[in-house]
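A short worksheet on the structure shown next.
The values are calculated or read from the model by the stated rules, or taken from the named source; none is laboratory data. Quantities reported herein were computed from a predicted structural model and do not represent experimental measurements. Here the Cβ positions follow ideal geometry from the backbone for every residue, glycine too, while neighbour counts run over all protein chains shown.
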Amino acid sequence: MYQAIEGNLRRTWILFVGFVLVVAALGYVFGVLTDFGYAGAVIAAVVAILGAWGSYYYSDQIVLSISGAHPAPREQYPYLFNTVEGLAIAAGLPVPRLYLIDDSAPNAFATGRDPQHAAIVVTTGLLDKLDRLELEGVIAHEMAHIQNYDIRLATITAVLVGMVALMSDWLLRSMRWGRRRGSREGGGGSGLLVLAGAALAILAPIAAQLMRLAISRGREYLADASGAMLTRYPDGLASALEKIAADPEPLEAANKATAHLYIINPLREWGGWVNSLFDTHPPVEERIRRLRGMVEGAGVMPGR
């Protein structure tokens, strides 16, 4: 169990380093192909970071607004509040704010830049269609996202993806300058560098997006495992995932900007192995298999 958590964290940091290397390569080629030199990479980084600053501090408010979420009334959902408060104590975290989305499709997500500014959002369909142990499993999964600082990691990777996209666009625009520079100097190396830069500019955003999605999938596995450790009942979350995945009703509030936040992708975009590369979530069947495999692990209760 602990080896699986450590493995996910290790792979996450390997992918994070991969992002940095992609950005560094783009910055180097951009500087060589233009008259900006290394200043071009610095400018790109500054613009990307400033653009992400507002998202970092206000992302939770933006997500809550576009999802149509509103504060959950304690008097109407006392068990929800009791569950969240109990799991927050077990995890050693501040109690997150609770929000509801009025939608019959069962789903949930967590948002916020750190545990002190966190919120858990559930749909009314989730409260109506899950039993108590299943609901506890879902809340524990979202609490684990908060505990593991997954939202902060998602913000950092979003900054890097933005930097890659911005610098790739600048690289493509600089191809004209690179060709002029090559003809002026009369060298063939510059032409080869222009071709290499064009290939890098086209492929880098795709590679960066794949790395971001791989990080997202890894964090889902980690949140499943961490959440199951909080409840000490993995089958609760496994059963909840089965119900959410099998529910046919679409989540009207979801869109491509917020789909990666939910416990299960609400857009349900199936379609072959190519599309699976861009899935923000790992296969539900594999998540359930891993959770039910935990029942045999030491210290995990097989039933309640």
Test: Gly112 is under 26 Å from Tyr221 (Cβ atoms) and in contact with a strand residue (DSSP E or B) (Cβ under 8 Å, 6 or more places away or on another chain)
yes
Can you pull out every residue in segment 125-149 that is of a type in the set (Asp, Glu) and in a helix (DSSP H, G or I)?
Asp128, Glu134, Glu136, Glu142
Can you tell me how many residues in segment 71-96 are in contact with an Asp or Glu (Cβ under 9 Å, 6 or more places away or on another chain) and farther than 25 Å from Ala245 by Cα?
3
Among the residues of segment 79-124, which ones are more than 20 Å from Ser239 (Cβ to Cβ), assigned to a loop (DSSP other than H, G, I, E, B) and in contact with a Leu (Cβ under 6 Å, 6 or more places away or on another chain)?
Asp103
Condition first: modelled with pLDDT of 90 or more, more than 20 Å from the chain's Cα centre (by Cα), hydrophobic (A, V, I, L, M, F, W, C) and farther than 20 Å from Ala91 by Cα. Can you find one or more residues in segment 241-260 that meet it?
yes
Sole miss for Arg132 among (1) under 18 Å from Ala223 (Cβ atoms); (2) at pLDDT 75 or above is condition (1)
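Return yes or no: is Leu230 at pLDDT 65 or above, over 29 Å from Val17 (Cβ atoms), over 14 Å from the mean Cα position of the chain (by Cα) and not acidic (Asp, Glu)?
When the stated conditions are applied, Leu230 passes them.
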Residue pairs meeting the criteria (Cβ under 9 Å; at least 6 apart or on separate chains; first more than 19 Å from His260 (Cα to Cα) and modelled with pLDDT of 85 or more, in segment 48-70; second loosely packed, with under 13 Cβ neighbours inside 10 Å and of a type outside the set (Lys, Arg)):
His70/Asp102
Would you check which residues across segment 104-151 are surrounded by fewer than 21 Cβ atoms within 10 Å (Cβ to Cβ) and closer than 18 Å to Glu249 by Cα and list them?
Ser104, Thr124, Gly125, Leu127, Asp128, Lys129
Looking only at segment 56-78, count how many residues are among the polar types (S, T, N, Q) and part of a loop (DSSP other than H, G, I, E, B).
2
Filter result for Ala225 (assigned to a loop (DSSP other than H, G, I, E, B), at pLDDT below 95 and crowded, with 21+ Cβ neighbours inside 10 Å):
no
Test set (1) touching a helix residue (DSSP H, G or I) at 6+ places or on another chain (Cβ under 9 Å); (2) modelled with pLDDT of 70 or more - Gly197 fails condition number:
(2)
